[in-house]
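Have a look at the structure below, then the notes.
The values are calculated or read from the model by the stated rules, or taken from the named source; none is laboratory data. All of these numbers come straight from a predicted model, not from anything done at the bench. In this analysis, Cβ positions are derived from the backbone assuming ideal geometry, glycine residues included, and neighbour counts consider all displayed protein chains. Only protein heavy atoms, including side chains, enter the accessible area calculation; ligands, DNA and RNA are left aside. Shrake-Rupley method; radii C 1.70, N 1.55, O 1.52, S 1.80 Å.
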Protein chains: 2
Amino acid sequence: MGKTQRQLHLNLFIMNVGHHEAAWRYKGTEPERITDLKHYQRLAQTAEAAKFDSVFLADGLAINKHVKHGAFVGLEPFTLLSALAAVTEHIGLIGTVSTTYNEPFHVARKFASLDHISNGRAGWNIVTSGSIHEAHNFNRDTHPEHAKRYERAKEFLDVTTALWDSWQDDALIIDRDSGVFADPQKVGPISHNGEHFQVRGPLNIPRPPQGYPVLVQAGSSDDGKEFAAQYAEAIFTAQQTLVEAQQFYGDVKGRLLRYGRTPDQLLILPGICPIIGVTESEAKEKEQEINELTVPEYGLNQLSNMLGVDLYTYPLDGPLPELPKLEDINGNKSRFQLVVDLAEREQLTIRQLLHRLAGGRGHRTYAGTATQIADQLEEWFVSDGADGFNVMPPYLPGGLDEFAESVIPELQRRGLFRTEYEGNTLRGNLGLQRPNHPVIPAATAAAISQ
Amino acid sequence: MGKTQRQLHLNLFIMNVGHHEAAWRYKGTEPERITDLKHYQRLAQTAEAAKFDSVFLADGLAINKHVKHGAFVGLEPFTLLSALAAVTEHIGLIGTVSTTYNEPFHVARKFASLDHISNGRAGWNIVTSGSIHEAHNFNRDTHPEHAKRYERAKEFLDVTTALWDSWQDDALIIDRDSGVFADPQKVGPISHNGEHFQVRGPLNIPRPPQGYPVLVQAGSSDDGKEFAAQYAEAIFTAQQTLVEAQQFYGDVKGRLLRYGRTPDQLLILPGICPIIGVTESEAKEKEQEINELTVPEYGLNQLSNMLGVDLYTYPLDGPLPELPKLEDINGNKSRFQLVVDLAEREQLTIRQLLHRLAGGRGHRTYAGTATQIADQLEEWFVSDGADGFNVMPPYLPGGLDEFAESVIPELQRRGLFRTEYEGNTLRGNLGLQRPNHPVIPAATAAAISQ
């Protein structure tokens, strides 16, 4: 595998003290600090020094995990990303926000604000929420059906992009002598009147430096892929094998044409949970050591939710029982399919499956040396399986430090990864265009701004 | 006026480049930086060096001001306060959030997050929104009626406080050996099922360091005062004269008893827009100079909205026309009354009234030397008119620098204001109790957390 001009992109997926469900019990982590800003500040600054494109925070609007054995509660992503904007300069800041339990005016405004305070480093990971527990925190008895959620998500995106465009880029005049602050012809209402939303606009903040925040998508169902092909500029996806990754890559890139887009306008970033050792055997020992710290009760709860079946009554060392059909899953459909395929392909017992999922919750886990991990990333990258990776350290900060000190220099030696940031915005880092501004008819604009 | 042990509290009300509507045209301001984090960082750090209790950001969910002549659009408060949390250590961070166009789960979570990342410095200025323009951005044709908004606000507070209490203070166990992260008996649902909200809970973040953020209220109508007496720990209020301030102070403090509260549990902080000169005549010249930079069209729009009447057709140098009755005002009722009283008391023409309102939008403006301003603050403070002040510099950063360099040292010399922070939390600075945690019945708690 030789050098190449094409550069891969790396996103750091930050998860409290690590992605592995037993990270908080592993040596060197500090679970007492899951709400301590300084912990996250150190992670973001380490990632920036290593030239990661971005940091990313997932989100859910309910506790749908075991609080007894799991360390996955914590800070609201927007609060944390805004704080990190103040102590970093180059790295992108990507936050998850659900379109199912939010209003587009709030969301457009928050991302515009984050983009302004970070000078163009904001990204939005668009999700539709996967759990009935979230519905229960927002006045509802039922969680909307999968396809309905994506319908709402599309209208949500139409509204938010229109709101970001409700100020033209050159709307601010700031002429002290004449007393004209903004040109009312260049700030206009959007007057959206749709099935889910009625929003007048304009937004109460000027257009974001990046035009729009970078739009990211993380669902890999058929609805999810189609949504991504229409709107997204990056996808965080879970793929266990190169063949599956290539199929997904080809499928999604192929869909872009329908929306008048080119393959380079959407970056595909599979997740990777790297367990790094100085030797391969040290890495495997680490993997075993941290897997042995898992509490089966915790993993069973997670897996039962994922598969839509109560697994507590089945023997841990036996196979999976009969499962619901894909069409009956109203949560994360693509993750359901991935787990079913994984268990079948590798003929795993429930216990073995729990261990395979403990690090990345369905994302690929790989234990090896820095060179082996770089080989894996390079192979997927040059074989049309990925444009880069969503890096999910099993434990933090240690797993990030190891990756930054060993894997990144190896990728740089191979000419696959930057040694300096290309630009000052997340779009600049990712090689994505800034969206042009559509012209607002002057008469409409004048109506609201006078 | 002698020294006193009782200390006054000072909040810095940050408004872009200053509170005066012509601040952006005044010498020394940089309106190009209204979305620049570094501008606000400098303000917060100056305020912290001067030992202000807190900084505060107002908010509205629509453009209801002239964009052509006004510089009052900008960052969303939460984004900005979170960023400021990362670059300050002692100063409180108070943000406005409307209970009319938000969901309690989101709001409880965001304030809990801000309180965690700031180590206990968050405050929530609770508003019910005052404008039909906000309704139009949130799927509605009409803005709910004043009393209805306060009903919703009360239920909103019941839900958010229950959510903050859904984790007991000692719920986190973090026992690596046994694998117990949190005690499921100490994390429980709230199962709120009310008229406006159905929220299951628990919150997905541990209880805030302060228990609850400091609860602030800014409406001064009868509904507003009653709401404050029940829930608030500080009030930002607009009062033009000492007599009015004393009436308000006595009225609100008197209402606390009904809710089993004592007068020291609610701090009353009237606004003051100080125009500071080395001599009194220099201060008056400054006031005139900045008033002359106003654009009458802008002020007329503001005043027309406030009074519920179109003032454009009336002569600027004549009196106010006949106005609607107080009961027909569905925006800010107390501000309507204040402006009517001010115009009558001082027999002001429309133009004179516009100038009187240009600095503080109804809050008191006072032009004088640092000593004179300190005299005014002391007089209100020792005469049962105020527990401190909401300081609203007419232009920023200059007006803050002048206040910090001249008025604060004078207040310190008089023994009225701290020279070091008392504590590390906003409650500590304000001398407010941390709310105790009510005990969750264990059976209820176990139901959700298993």
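Here the Karplus curve 6.51 cos²θ - 1.76 cosθ + 1.60, taken at θ = phi - 60°, turns the phi angles of segment B:359-365 into couplings of x, x, 6, x, 6, 5, 9 Hz, with x standing for Gly and Pro. When the pairs B:K154/B:K333; A:K38/B:K51; A:K148/B:K148; B:K225/B:K325 are compared against a 25 Å limit on Cα-Cα distance, A:K148/B:K148 fall above it. Identify the GluC sites (Glu not before Pro) of segment B:237-321 meeting these criteria: DSSP loop state and at most 15 other C-beta atoms within 10 Å of the C-beta. Answer in residue order: B:E292.
I need the inter-copy label distances for B:E346: point set 7 Å along Cα to C-beta, values in nm with one decimal, smallest first. Inter-copy label distances (nm, one decimal, shortest first): 7.6. Suppose R0 equals 35 Å; then what is the FRET efficiency for A:E89 and A:K27 from their Cβ-Cβ distance, rounded to the nearest 0.05? Working from the Cβ atoms, E equals 0.60. Rounded if a/c is under 1.5, else prolate if a/b beats b/c, else oblate: with a ≥ b ≥ c from the C-alpha gyration tensor eigenvalues square-rooted, which is segment A:11-113? It comes out oblate by the Cα gyration axes. Label positions at B:N424 and A:K325, each projected 7 Å from the Cα along the C-beta direction, are separated by 5.9 nm. Computed over segment A:1-140, relative contact order equals 24 percent, with contacts defined as Cα pairs under 8 Å that lie 6+ residues apart.
Only protein heavy atoms count here, probed at 1.4 Å, and on that basis chains B and A bury about 6300 Å² of accessible area in total.
Please pull out the direction-averaged projected area of segment A:379-432, using the convex hull of its alpha-carbon atoms, in nm² to one decimal place. One quarter of the hull surface, i.e. the mean projection, equals 4.6 nm². Once you order the gyration tensor axes a ≥ b ≥ c over the Cα atoms, which shape class does segment B:61-103 get: rounded for a/c under 1.5, otherwise prolate or oblate by comparing a/b with b/c? Cα axes put segment B:61-103 in the oblate bin. Annotation: amide H of B:Q198 within the under-5 Å range of A:N139, sequence separation 5 or more or interchain, hydrogens built in the peptide plane.
Once you have a ≥ b ≥ c as the square roots of the Cα gyration tensor eigenvalues for segment A:228-338, tell me rounded if a/c is under 1.5, and otherwise prolate or oblate according to whether a/b is larger than b/c. The shape class here is oblate. The residues of segment A:164-298 present an accessible area of 37 Å² per residue when probed at 1.4 Å with all protein chains retained.
Of all beta bridges that DSSP places with both ends in chain B, some 10 percent have antiparallel geometry.
Relative to the dominant Cα principal axis of chain B, helix B:333-345 is inclined by about 20°. Measuring nothing but protein heavy atoms, the accessible surface of segment B:136-290 at 1.4 Å probe radius is 47 percent carbon and sulfur. Checking every one of the trypsin sites (Lys or Arg not before Pro) in segment A:302-403 against DSSP loop status and a limit of 15 other Cβ atoms within 10 Å picks out A:K325. Fully extending the segment from A:Y312 to A:D59, taken as 0.36 nm per residue of separation minus the present Cα-Cα distance, adds 88.4 nm. Rounded to the nearest Hz, the phi-derived 3J(HN,Hα) couplings of segment B:247-257 under the Karplus curve 6.51 cos²θ - 1.76 cosθ + 1.60 (θ = phi - 60°) are 4, 4, 4, x, 4, 5, 4, x, 6, 4, 4, where x marks glycine and proline. In chain B, the longest principal axis of the Cα atoms and the axis of helix B:37-49 are about 90 degrees apart.
In plain terms, the C-alpha convex hull of the protein assembly as shown casts an average shadow of 36.3 nm² when viewed from every direction. For the residues of A:50-63, the average number of beta carbons from a partner chain within 10 Å of their own beta carbon is 2.
What is the spin-label model distance, in nm, from A:R434 to B:S191 if the labels are put 7 Å beyond Cα along the C-beta direction? Taking the simple label geometry, A:R434 and B:S191 are separated by 5.4 nm. Relative to the dominant Cα principal axis of chain B, helix B:370-382 is inclined by about 50°. In this structure the amide hydrogen of B:Y366, modeled in the peptide plane, comes within under 5 Å of the amide hydrogens of B:C273, B:I275, none closer than 5 places in sequence on its chain. Rounded to the nearest 500, the 222 nm mean residue ellipticity of the protein assembly as shown from helices alone is -11000 deg cm²/dmol, with -39,500 (n - 2.57) taken per DSSP H run of at least 4 residues. Here the Karplus curve 6.51 cos²θ - 1.76 cosθ + 1.60, taken at θ = phi - 60°, turns the phi angles of segment A:164-180 into couplings of 4, 7, 6, 10, 6, 4, 9, 5, 7, 9, 6, 9, 4, 5, 7, x, 9 Hz, with x standing for Gly and Pro. With the simple spin-label model, which puts each label point 7 Å out from Cα in the Cβ direction, the A:Q288 to A:A147 separation comes to 4.9 nm. Under the combined filter of DSSP loop state and at most 11 neighbouring Cβ atoms within 10 Å, segment B:157-236 retains these GluC sites (Glu not before Pro): B:E195.
Between B:K38 and B:D375, the contour length at 0.36 nm per residue exceeds the alpha carbon distance by 118.0 nm. Averaged over its residues, segment B:59-142 has an accessible area of 21 Å² per residue, based on protein heavy atoms and a 1.4 Å probe. Given a 1.4 angstrom probe, I'd like the percentage of the accessible area of segment A:336-437 that is carbon and sulfur, rounded to a whole number. Heavy-atom surface of segment A:336-437 belonging to carbon and sulfur, 1.4 Å probe: 44 percent.
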